[in-house]
Amino acid sequence: MPKPKVFVTRLIPEKGLALIRDFCDADIWQDELPPPRKELLARVRDVDGLVSLLTEKVDGELMDAAPRLKIISNMAVGVDNVDVAAATARKLPVGNTPGVLTDATADMAFALMLSAARRIVEGEKYVRDGKWKTWNPQLLLGADFVGATLGIIGFGRIGKAVAKRAKGFDLRVIYYDPSVPSTSDATPVDLDTLFRESDFISLHVPLTDETRHMINANTLSKMKPNAILVNSSRGPVVDPHALHDALKSNRIFAAALDVTEPEPLPADSPLLGLDNCLVVPHLGSASKYTRDMMSYLAAQNLIAGLKGERLPNCVNPEVYG
Ligand code: DGY
């Protein structure tokens, strides 16, 4: 029996790749950058399975270019790069990798919050630039945590894990998430209350039509002047021009972004010219164990799909009728 053919759009960690190589005839894209669209369409022509990353647009055109395709396995929890409705219409199961990146992403959100509040990156640059001459009672003063309010938008797995960390810092935690009516860990509030009362705001929503640019000039204008905005969800949840204006005019205190619009952020982005904007390159899930497990779950989804079995983690279970 010939092995099923699959295309893997990047060199993913060996924990998952070893399984894929064992079970499949795998074409693995070796470049550091994602396959260009034309190449992607050509490579999927005769595959039974696809392992994609959030950098690939997996849409109806791609699905139609791959008439043998049985499974799309996205190595991410977010699937906004995949047209799930188009996959469902074609009875194609789409797999994702939830759970294993919850703690790593919550850690990153907290690290960003601490870094922005205590101006870690500015301080590091100050030292490297040779500006550190003495202990200065007014130097790089930041924000306190104890007694401050953290507003979490999106109270799913990662939002809850951020709330858990916040308890250790004696933060008051409020959240906005209409799908989570109440919890003992935090207080549900409406969005306006969250913007009005939060000293820290951390975003943990998926990217949808409703959440695109939910942080915009209007919502930024409702925030406290000392507010610190942290985004480790998806870049387009924040309107970058409105954020730039709010940071530049000190309308809010700071922002810390793990994700941006566009992504990657060009080196000449005005946001990078601001000291009160900290940007890291989408590292939320970037710990060794987490990425190993993401590749493992992606491989499990892929192999289940190729065998015609139900995916362990499927975002469109409707395909099973
Ligand atoms: C995901 O899995 O959606 C993350 O953004 C990758 O870190």
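The values are calculated or read from the model by the stated rules, or taken from the named source; none is laboratory data. Worth saying up front: this structure is predicted, and the values here are computed from it rather than measured. As a convention, Cβ positions derive from the backbone with ideal geometry for all residues, glycine included, and neighbour counts pool all protein chains shown.
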Test result for Val127, in a loop (DSSP other than H, G, I, E, B) and without any contact (Cβ under 8 Å) to a residue 40 or more places away in the chain = no
For Glu318, which of the numbered conditions (1) away from the ligand (no atom under 14 Å from the Cβ); (2) touching a His at 6+ places or on another chain (Cβ under 7 Å) fails to hold?
-> (2)
Matching option when the condition is free of Cβ contacts under 8 Å to residues at least 24 places away in the same chain, farther than 24 Å from Met293 by Cβ and touching a helix residue (DSSP H, G or I) at 6+ places or on another chain (Cβ under 9 Å), among Ala66, Ala26, Ala42 = Ala66
Please specify each residue of segment 57-78 satisfying the condition of being within 13 Å of the ligand (Cβ to nearest atom) and either closer than 17 Å to Ala299 by Cβ or touching an Asp or Glu at 6+ places or on another chain (Cβ under 7 Å) (or both).
-> Ser73, Asn74, Met75, Ala76, Val77
Members of segment 274-309 that are away from the ligand (no atom under 14 Å from the Cβ), closer than 21 Å to Leu92 by Cβ and either in contact (Cβ under 8 Å) with a residue 24 or more places away in the chain or in the same structural domain as Ala246 (by TED's automatic domain parsing) (or both) = Ala299, Gln300, Leu302, Ile303, Ala304, Gly305, Leu306, Gly308
Could we say that Leu271 is assigned to a helix (DSSP H, G or I), surrounded by 18 or more Cβ atoms within 10 Å (Cβ to Cβ), without any contact (Cβ under 8 Å) to a residue 60 or more places away in the chain and more than 16 Å from the ligand (Cβ to nearest atom) here?
-> yes
Segment 96-151, residues that are more than 16 Å from the ligand (Cβ to nearest atom) and β-branched (Val, Ile, Thr) = Ile120, Val121, Val127, Thr134, Val146, Thr149
For segment 147-157, indicate whether the set of residues that are touching a residue at least 40 places away in the same chain (Cβ under 8 Å), assigned by TED's automatic domain parsing to the domain that holds Leu33 and outside any helix (DSSP H, G or I) is non-empty.
-> no
Write out, first by first residue and then by second, each pair whose Cβ atoms fall under 7 Å of each other, whose residues are 6+ apart or on separate chains, and whose first residue, in segment 197-226, is in contact (Cβ under 8 Å) with a residue 60 or more places away in the chain and over 15 Å from Ser249 (Cβ atoms) while the second is surrounded by 15 or more Cβ atoms within 10 Å (Cβ to Cβ) and among the hydroxyl-bearing types (Ser, Thr, Tyr).
-> His204/Ser233
Yes or no: Leu257 within 16 Å of the ligand (Cβ to nearest atom), in contact with a Cys (Cβ under 8 Å, 6 or more places away or on another chain) and in the same structural domain as Ile152 (by TED's automatic domain parsing)?
-> yes
Report, by residue number, each residue of segment 165-190 that is exposed (fewer than 11 other Cβ atoms within 10 Å of the Cβ) and in a helix (DSSP H, G or I).
-> Gly168
Say whether the condition of being touching a residue at least 24 places away in the same chain (Cβ under 8 Å), over 27 Å from Tyr126 (Cβ atoms) and more than 14 Å from the chain's Cα centre (by Cα) is met by at least one residue in segment 231-254.
-> yes
